[in-house]
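Novice: Sharing a structure, written as structure tokens. Questions coming.
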Amino acid sequence: MNITIIGLGYVGIANAILWGSKHRVIGYDISKTKVDMLNNKQFITKRNLLHLLNFKQLNIQATSDLKFALQCAEMIIIAVSTDLNKKTKKLNTQNIEDILSNINVINKNAEVIIRSTVPINFTKTMEEKYPMINITYSPEFLRENSAFDDIIHPSRIIIGVNKKRPKLFLKTLNEIYDLHDNNLFFMSSSEAETVKLYSNSYLAMRVSFFNNLDSFCIDNNLNVKNVINAICSDQRIGNYYNNPSFGYGGYCLPKDTQQLLTQNKNSSLINAIIKSNNERKEKIIEEIFKKEFKTIGFYRLIGKKYSNNFRNSPVIDIINIILKKKKNIKIFYYEPLLNISIFKKDVILIRDLEDFKKASELIVTNRITSEIQDVKDKIYTRDVFFID
């Protein structure tokens with residue numbers, strides 16, 4: 001089968017490899033860098049190599065020619081990003097709308113599967129606009145630092161469809177998964193969109209809950225590790241996703257909670273999640289300012305140990321707030337993913353780890369790793385369990 005993947009971020013790459021193990025896959029992206037990386041198989045890392053060994057042959061080709069990518073496809077998977085419009089506080093779906101417009105002209109007979117995060121009722125609106133296209137909404141639940149694990153062992157598979165079921169999509173799913181052993185749910189596209197946004201909002205809420213608990217323990221001189229372990233021993237709560245942090249960030253949780261807040265008339269809970277996350281950053285800064293230092297270093301901008309981006313990082317927010325509140329300190333940061341600083345002149349990027357350690361009287365880090373254990377006396381963190 002000819003399958004086209006639109007968008008070659010971590011979601012698109014994971015989908016391309018999954019389907020490319022059994023079918024001919026064309027990956028499309030406007031980024032020449034991403035196209036070249038996929039064609040050169042530069043997506044292979046130590047973390048996903050073992051999974052790739054299970055695939056005898058990957059039939060994948062990448063291109064920046066949209067017409068070429070669409071014209072022969074029997075199934076088209078849309079996995080483009082939907083960033084938050086800061087003015088409207090809504091997800092920007094223009095990329096998806098442009099792609100559907102092109103599909104309607106070039107290849108309206110292909111099954112279209114939207115895997116991007118979209119507002120509730122978006123798919124239904126697109127179906128009304130393009131009645132000749134068979135559109136299914138099937139959200140992904142992939143974590144950026146473990147996308148290959150997650151797509152091979154999905155927590156659930158959601159099929160959001162309003163008209164006829166996607167025969168080809170279901171056929172390919174059956175080839176890869178034993179759908180009887182997986183949580184497979186059929187529902188309307190709007191229900192599937194709701195599952196996606198509420199799932200991510202729950203995760204944001206859980207992060208905020210344990211951060212709020214940690215802040216309470218700080219104020220009352222309590223051992224937060226003891227408290228969390230005892231609370232999470234209740235099976236209804238569970239001992240997972242409970243490690244205090246500087247706040248939730250990354251690509252998904254901030255924008256998805258904001259989109260849900262915009263659409264949800266009964267929004268007091270979602271509003272509280274967002275507010276609590278902002279309060280957590282202020283609390284971290286309050287604790288930092290209790291320390292004595294003239295130079296402060298921030299170890300990594302990423303939120304997770306194996307992440308490779310720092311979009312909406314709470315660390316960046318904390319640095320920017322400190323800049324506004326206190327100007328008589330030197331601020332350094334270590335981020336090997338950067339060659340040029342993303343901050344103003346008064347925040348200095350140090351790319352050599354040993355130089356960074358020497359320059360920083362206080363080292364602030366969201367997560368502790370082995371490479372800074374030798375300066376643990378300098379470290380300020382709320383990483384209690386040393387996990388993400």
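Novice: If you keep only loop residues by DSSP, which trypsin sites (Lys or Arg not before Pro) in region 288-337 have at most 12 other Cβ atoms within 10 Å of their Cβ?
Specialist: Passing both the DSSP loop test and the Cβ count: K290, K291, K294, K327.
Novice: Could you give the size of the charge dipole of the chain about its Cα centre, using +1 on the Cβ of each K and R and -1 on the Cβ of each D and E, expressed in debye and rounded to the nearest 20?
Specialist: That gives the chain a dipole magnitude of about 640 debye.
Novice: Could you work out the relative contact order of region 1-152, using alpha carbon pairs under 8 angstrom and six or more residues apart, expressed as a whole percent?
Specialist: 26 percent
Novice: Among K89/K305; K255/K281; K283/K345; K89/K265; K275/K325, which pairs are too far apart, with a Cα-Cα distance over 22 Å?
Specialist: Too far apart for the 22 Å limit: K89/K305; K283/K345.
Novice: Ok, one more. Tell me the relative contact order for the chain as a rounded percent, counting alpha carbon contacts under 8 Å between residues six or more apart.
Specialist: Reported relative contact order: 12 percent.
Novice: Counting pairwise Cα distances across region 257-310, what percent come out greater than 16 angstrom?
Specialist: For region 257-310, the fraction of Cα-Cα distances above 16 Å is 64 percent.
Novice: Of all DSSP beta bridges located in the chain, what percent are antiparallel, nearest 5?
Specialist: Roughly 5 percent of the DSSP beta bridges within the chain come out antiparallel.
Novice: Roughly to the nearest percent, how much of the accessible area of region 1-160 is carbon and sulfur, given a 1.4 Å probe?
Specialist: The nonpolar share, carbon plus sulfur, comes to 49 percent.
Novice: Just by accessible area at a 1.4 angstrom probe, what is the order of R143, R156 from largest to smallest?
Specialist: In descending accessible area the options line up as R143, R156.
Novice: Same structure again: Could you state the accessible area per residue of the chain in Å², with a 1.4 Å probe and every protein chain left in place?
Specialist: Each residue of the chain exposes 50 Å² on average to a 1.4 Å probe.
Novice: Follow-up question, since we're still on this one. Evaluate the Kirkwood expression for the hydrodynamic radius of region 36-171, namely the inverse of the mean inverse distance over all pairs of different C-alpha atoms, and round to one decimal in Å.
Specialist: On the way: mean 1/r = 0.0599 Å⁻¹.
Computed over Cα pairs of region 36-171, the Kirkwood hydrodynamic radius comes out at 16.7 Å.
Novice: Now for a separate question. Using heavy-atom solvent-accessible surface (probe 1.4 Å) with all chains present, what is the largest-first order of M132, M126?
Specialist: Result of the area sort, largest leading: M132, M126.
Novice: Ok, one more. Rank these by accessible area, largest first, 1.4 Å probe: I316, I348.
Specialist: So, going from the largest accessible area down, we get I348, I316.
Novice: Expressed as a rounded percentage, what relative contact order does region 229-320 have, with Cα pairs under 8 Å and six or more residues apart?
Specialist: So the answer I get is 34 percent.
Novice: Out of every Cα pair in the chain, what percent are spaced more than 40 Å from each other? Present the calculation step by step, with values, prior to reporting the outcome.
Specialist: Working: 16075 of 75078 pairs.
Roughly 21 percent, rounded to a whole number.
Novice: To continue, here is another question. Taking all protein chains in place and a 1.4 Å probe, what share, in percent, of the accessible surface of region 219-280 do carbon and sulfur account for?
Specialist: About 47 percent, which is the carbon plus sulfur part of the accessible surface.
Novice: FRET efficiency for D355 and I288, Cβ-Cβ distance as r, R0 = 25 Å, nearest 0.05? Display every interim value, and only then the final one.
Specialist: On the way: r = 22 Å, r/R0 = 0.86.
Calculated transfer efficiency: 0.70.
The values are calculated or read from the model by the stated rules, or taken from the named source; none is laboratory data. This is a predicted model, so every value here is computed, not measured. Cβ atoms come from the backbone with ideal geometry, glycine included; neighbour counts cover every protein chain shown. Surface accessibility is based on the protein's heavy atoms, side chains included, excluding ligands, DNA and RNA. Shrake-Rupley method; radii C 1.70, N 1.55, O 1.52, S 1.80 Å.
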